[in-house]
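This report refers to the structure that appears directly beneath it.
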Amino acid sequence: MRDDLPVWRSLMFVPVTAEKFVRTGADRGADAIILDLEDAVAPSQKENARALIAGAIPQVNRNGADVVVRVNRPWRLLVRDLEAAVIPGVAALMLTKVDSPEHVHAVAEIVDELEAERGLPAGGIRFIALVETARGFFRIEQIAKCHRRIVGLSLGSEDFAADVGMQSEPEGLFYPKQQTIFAARAAGIMPMGFIGSIADFRDQEAFRKIVRRSRRLGFMCASAVHPLQVQVLNEEFAPDAAEVERAERMIAAYEDAYAKGLGAVQFEGAMIDVPVVERARSVVKRARALQGKLRGS
């Protein structure tokens with residue numbers, strides 16, 4: 001994985017036009033707040049939504065959350081969204097309905113110009129690529145690695161299911177979601193999301209099982225549509241103390257055996273080798289990154 005990725009477990013959607021949610025969003029514990037200009041904003045309110053971004057930023061990031069802005073796809077809307085969203089305080093843009101590397105490069109060119117004009121650090125605003133169509137899916141590997149600004153990749157379940165004419169069910173989504181993980185990992189960026197429905201947010205235990213399984217499959221973080229989901233995401237997308245402790249013991253045992261010139265290493269009744277130890281190192285690295293983020297919040 002790239003060393004310059006954000007440290008996220010949860011990203012919570014907040015319609016930028018919903019004053020109450022903007023005011024309270026920072027108190028929900030999400031690692032990032034997604035100020036939404038897309039689905040949560042009616043067409044008649046798009047222009048008003050853009051004007052609200054700058055005022056919303058200090059409200060939603062007051063507890064240390066990163067600010068992400070989800071932009072629209074039709075180019076006439078997207079260009080206006082970029083003009084409004086490439087401003088101080090925005091950490092990333094969520095690009096919707098990405099269907100080609102060319103789309104990402106075109107957006108990046110506009111963002112390059114806006115950063116330069118506005119005195120912002122070059123390349124400072126990152127991208128989350130949201131693939132939501134069959135056309136985009138068959139280019140997902142190229143999309144994932146096409147630009148340094150991309151730090152995360154996600155498959156939009158509902159839009160993708162509608163585009164291919166299927167129900168948004170785990171059975172049908174397993175293959176495209178798994179391919180999303182592979183494409184993201186190959187590009188060294190974060191696979192984002194989970195395999196399951198986000199709609200029934202009140203069934204916390206069912207949601208927890210979905211997220212736990214998704215982490216085992218390789219996802220690193222996911223977005224939430226309701227504050228109740230944030231705590232579950234934060235808990236399940238972070239290694240717990242017992243997991244970290246076991247990983248540290250495994251690494252120590254392996255390094256001790258390696259130093260003694262032993263080829264086979266036993267650890268707590270099982271044989272371990274390089275891939276197993278590398279997974280343990282990833283657990284420890286993730287835990288330390290999260291600790292650093294929490295201390296800095």
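The values are calculated or read from the model by the stated rules, or taken from the named source; none is laboratory data. What you see is a predicted model, and the numbers here were worked out from it, not measured in a lab. Note that each Cβ is placed from the backbone with ideal geometry, even for glycine, and that neighbours are counted across all protein chains shown.
Is one or more of the residues making up segment 117-134 in a loop (DSSP other than H, G, I, E, B), among the small types (Gly, Ala, Ser) and touching a residue at least 40 places away in the same chain (Cβ under 8 Å)? For segment 117-134, residues in a loop (DSSP other than H, G, I, E, B), among the small types (Gly, Ala, Ser) and touching a residue at least 40 places away in the same chain (Cβ under 8 Å): absent. Here the condition is being assigned by TED's automatic domain parsing to the domain that holds Ala122 and in a strand (DSSP E or B); of Val79, Val68, it holds for Val68 alone. Within segment 98-116, the set of residues being among the acidic types (Asp, Glu) and assigned to a loop (DSSP other than H, G, I, E, B) comprises Asp99 only. Of all residues in segment 14-57, those satisfying the criterion of being crowded, with 19+ Cβ neighbours inside 10 Å and either in a loop (DSSP other than H, G, I, E, B) or not assigned by TED's automatic domain parsing to the domain that holds Leu82 (or both) are Val16, Thr17, Ala30, Asp31, Leu37, Glu38, Ala40, Val41. Here Asp159, Asp163, Asp203, Asp240 are screened, and the one residue that is surrounded by 16 or more Cβ atoms within 10 Å (Cβ to Cβ), over 22 Å from Pro15 (Cβ atoms) and acidic (Asp, Glu) is Asp163. Against the conditions (1) exposed (fewer than 13 other Cβ atoms within 10 Å of the Cβ); (2) within 25 Å of the chain's Cα centre (by Cα); (3) small (Gly, Ala, Ser); (4) not in a helix (DSSP H, G or I), Gly292 satisfies every one except (4).
Exactly one residue out of Ala134, Ala92, Ala106 is modelled with pLDDT of 95 or more, within 30 Å of Ala162 (Cα to Cα) and under 15 Å from the mean Cα position of the chain (by Cα): that is Ala92.
Please work out if Ala40 is touching a Phe, Trp or Tyr at 6+ places or on another chain (Cβ under 9 Å), touching a residue at least 12 places away in the same chain (Cβ under 8 Å) and farther than 18 Å from Met190 by Cα. Criteria met by Ala40.
Residues checked against (1) buried (at least 20 other Cβ atoms within 10 Å of the Cβ); (2) under 19 Å from Ile34 (Cα atoms):
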{"position": "Asn72", "(1), (2)": "yes, yes"}
{"position": "Arg80", "(1), (2)": "no, yes"}
{"position": "Glu115", "(1), (2)": "no, no"}
{"position": "Arg118", "(1), (2)": "no, no"}
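Looking at Met192, is it in contact with a Cys (Cβ under 6 Å, 6 or more places away or on another chain), closer than 28 Å to Asp3 by Cβ and of a type in the set (A, V, I, L, M, F, W, C)? Answer is yes for this residue. With respect to the conditions (1) in a loop (DSSP other than H, G, I, E, B); (2) closer than 20 Å to Val211 by Cβ, Cys146 lacks only one, and its number is (2). Among the residues of this structure, Ala85 does not count as one that is farther than 25 Å from Ala187 by Cα, surrounded by fewer than 14 Cβ atoms within 10 Å (Cβ to Cβ), out of contact with any Cys (no Cβ under 8 Å at 6 or more places or on another chain) and among the aliphatic types (A, V, I, L, M). For segment 179-212, taking the residues that are in contact with a Phe, Trp or Tyr (Cβ under 8 Å, 6 or more places away or on another chain) and assigned to a helix (DSSP H, G or I), the one that is farthest from Ala30 (Cα to Cα) is identified as Gln179.
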